[in-house]
Amino acid sequence: MSATLGTLIKRVQPDWSIQIIERLGSVAQESSNPWNNAGTGHAALCELNYMPEAPDGSVSPDKAVSINEQFQISRQLWAHLVRTGALPEPEKFINPTPHMTLVRGKANVQYLKKRVAALKGQPLFAEMEYSDDPATIAEWAPLIMKKRNPRQVIAATRNISGTDVDFGALTRYLIDDLQRHDVQLRLNTQVTDITREDDGTWKLRLLRHVGNARSTIRARFVFVGAGGGALALLQHSGIPEIEGFGGFPISGQFLKTTNPKLVAQHHAKVYGKASVGAPPMSVPHFDTRMVEGEASLLFGPYAGFTPKFLKTSTWFDLPFSVRPHNIGPMLAVARHNFDLVKYLVGEVLAGRKKKLAALREFMPTAKSEDWELITAGQRVQVMKKDKEKGGVLQFGTEVVTSADGTIAGLLGASPGASTAAPIMVDLLKRCFPEKFASWEPKLREMIPSLGTRLSDDPAAAAQSLASTAEALHLPA
């Protein structure tokens, strides 16, 4: 998010001075690190949680279409940056990987049929294929069908325009380009406090971990893009807009294999349905990954709980985030989310045998010796006030800005990095309303569909998909 925002600002207002403060010794080591996420270019092609079944049995495409629209904006920005040389050859950060959905049981098959019918006619989903034929599904993804019970009722969808994204590499390339444009990057430097000065600027107190040197900087605008660490820094700022917000951390693990015989037999990201009470980022999926030129397979995530807000932070993050203004919403969330608590307890107590059983629902022939368990990144879900319930747990992202637009921060997780471009464009509009009109021509040069809906214009959607596919070396 920070790298994307800096990239946009440097192109619409190149004379502004930008500094990036990074607590760790290199960038993109938390949520953006490729092994801390599944690398899915979230376009809602395969993620069923974006199209839940309503109590009356209906299925709405609205949220899935909205997510895909956002991803197209990110694709357009990346394509522009590749064309102009700001990003290297796209294979270094994005690769074509079909997105699939696999469901089991008659009820789930009926749901999937309704989902496909709801998306039929949507220009951004025009290439979606459906099949309940085991032989066809086996052609799409051999490993998920090998030695599967032939009497099991299954169905799948596939979209070949899906992608696998190394968001760590993408972030590093964006920041490399920013440094070529005189943006200062401070590594091993932690922001310990943020306070507003009398003149309206912000004073940031910094601690450099190498040598424990302390310093301060002042800024007219601050963006807190610190992942799980954003809540604490926004609380330090004292802006009233952060009141009532809390964070609920969820950890995760994946099973990973680099066995070339297995990797060669699977080329897709295959999503299933979430367990009852499971958070959206815990939807099980069996993924092809391409990181630094090496292919591997990833299955998970297995959710867990730790009070840490970052992998490299402290066990006191959650208790230290509690304030008089957010304890009410946090307690209300605990009361209304018993299914989630029950699910997390079960996940924490699950041993390797249970984890392998979950994998075998996707890959019946999985052998324990082929798979290693890796720890994924922390996801801190937003808890906030709600008039009816007192507090709600929100599984999306939330941009919090001060009334004067001089400080902003991003809370939440899914769909995350895939929608960084539209979220940061919206942040520019909210924080710099007096400048935005003059910036729009340049933004539209980078993102041609900005301000429009591709879904309303099939020809424009087809043109955008083809143009970005060409630039990013993806299937048209």
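Odds and ends about this structure:
- Of all residues in the stretch 453-476, those that are β-branched (Val, Ile, Thr) and over 23 Å from the mean Cα position of the chain (by Cα) total 0.
- In summary, strands (runs of 3 or more DSSP E) completely within the stretch 232-303 and bearing 1 or more residues that are touching a His at 6+ places or on another chain (Cβ under 6 Å) and among the basic types (Lys, Arg) occur at 269-271.
- The set of residues from the stretch 147-199 being part of a helix (DSSP H, G or I) and of a type in the set (Val, Ile, Thr) comprises Thr171, Ile175.
- Among (1) under 15 Å from Ser237 (Cα atoms); (2) surrounded by fewer than 18 Cβ atoms within 10 Å (Cβ to Cβ), the one test that Leu187 misses: (1)
- The number of residues in the stretch 119-160 being among the hydroxyl-bearing types (Ser, Thr, Tyr) and surrounded by 22 or more Cβ atoms within 10 Å (Cβ to Cβ) comes to 1.
- Any hit, the stretch 284-307, residues being within 17 Å of the chain's Cα centre (by Cα), of a type outside the set (A, V, I, L, M, F, W, C), modelled with pLDDT under 90 and surrounded by 15 or more Cβ atoms within 10 Å (Cβ to Cβ): no
- Any hit, the stretch 53-72, residues being over 20 Å from Ala462 (Cβ atoms) and touching a strand residue (DSSP E or B) at 6+ places or on another chain (Cβ under 9 Å): yes
- Residue count for the stretch 154-164, restricted to those that are within 16 Å of Leu298 (Cα to Cα) and either modelled with pLDDT under 95 or in contact with a helix residue (DSSP H, G or I) (Cβ under 7 Å, 6 or more places away or on another chain) (or both): 0
- Leu234 being over 24 Å from Gly39 (Cβ atoms), under 28 Å from the mean Cα position of the chain (by Cα) and touching a residue at least 60 places away in the same chain (Cβ under 8 Å): yes
The values are calculated or read from the model by the stated rules, or taken from the named source; none is laboratory data. The structure displayed is predicted, hence computed values, not measured ones. Glycine also receives a Cβ, built like all others from the backbone with ideal geometry; neighbour counts cover every protein chain displayed.
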